[in-house]
Structures are given as C-alpha cells and as structure tokens.
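All of the numbers you see were taken from the coordinates with simple rules; none came from a lab. A quick note: this is a predicted structure, and the numbers were derived from the prediction, not measured. Backbone-built Cβ (ideal geometry, glycine too); neighbour counts: all protein chains shown.
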Amino acid sequence: MSAKLPTENLFLSKLGGVRKAVVPRQHHIELSGEYDLARKQELAEVFSSITNGDPVAIDMRQVTYVDSAFLSELIGMRLRRNELPVTLVGVRPNVARVFRLTNLDRFFVFE
C-alpha cells in the first residue's frame, strides 16, 4: 500500500498543468504541457511559492516544449535558492537540448 501525498492543484488546463506535492524535506513539482510566454505568470507564482530551504525536484516528464520565458523563471528560482539543489526529472530530449544549447544544464541536476 502506498501513501498518498497531499497535493495542491495550482493550475490544470488542456495545455498542461502544475501540481505541487507536499513531500517532507523536499518540494516536488509536476509540470506538463508547453511552457512559453503565455504561462510565465503561472510559473512565477509556483516558483515564488517555494520559500524554505528544502531541495526542489521538478518532474518534467510531461513537458513537451519550453522557451526563454520558462528558462527565465526557472533560472530565477534557481538563483534564489543559492546552493540548494534543483533536480529536473525525466526531461525529454528536445527540452534537454534547449538546456544544453543555452549552457543552463550546468545549474541543475538531471535525473
């Protein structure tokens, strides 16, 4: 029997959504869909809600597209976290390529 984690649905739509789970000693965020300028505010709200010093894991298995607006919000959250790890889980090859091309892959842990 697995324990069910309490979650908070921050945004769900046909384009994808964000689900934030309360996991002891770690923030776990599940993203899905496409992330571009139209969803920048949504990301800003989610990423700014991470206030304590626990590590962050972002499940990106269902993310199909990111642009510079997504990268901007993600790197802003990473910089606010100082030395605390931000792990990106299940990044698809097309999305991972964006991180490599921009040299942002060095700021995150990929699983």
Checklist line | Length released on extending from ASN82 to LEU37, taking residue separation times 0.36 nm less the Cα-Cα span | finding: 13.7 nm
Check: What is the percent of Cα-Cα separations in the range 16-111 that go past 17 Å?
Finding: 44 percent
Margin query: Just want the ordering: GLU34, GLU42, GLU73, from fewest to most Cβ atoms lying within 10 Å of their own Cβ.
Written below: GLU34, GLU42, GLU73
Item checked: Taking MET77, MET60 and counting other C-beta atoms within 10 Å, the order from fewest to most -> MET77, MET60
Notebook entry, point to check: Want the number for ARG92 to ASN52: 0.36 nm per residue separation, take away the alpha-carbon distance, what's left?
Noted result: 11.6 nm
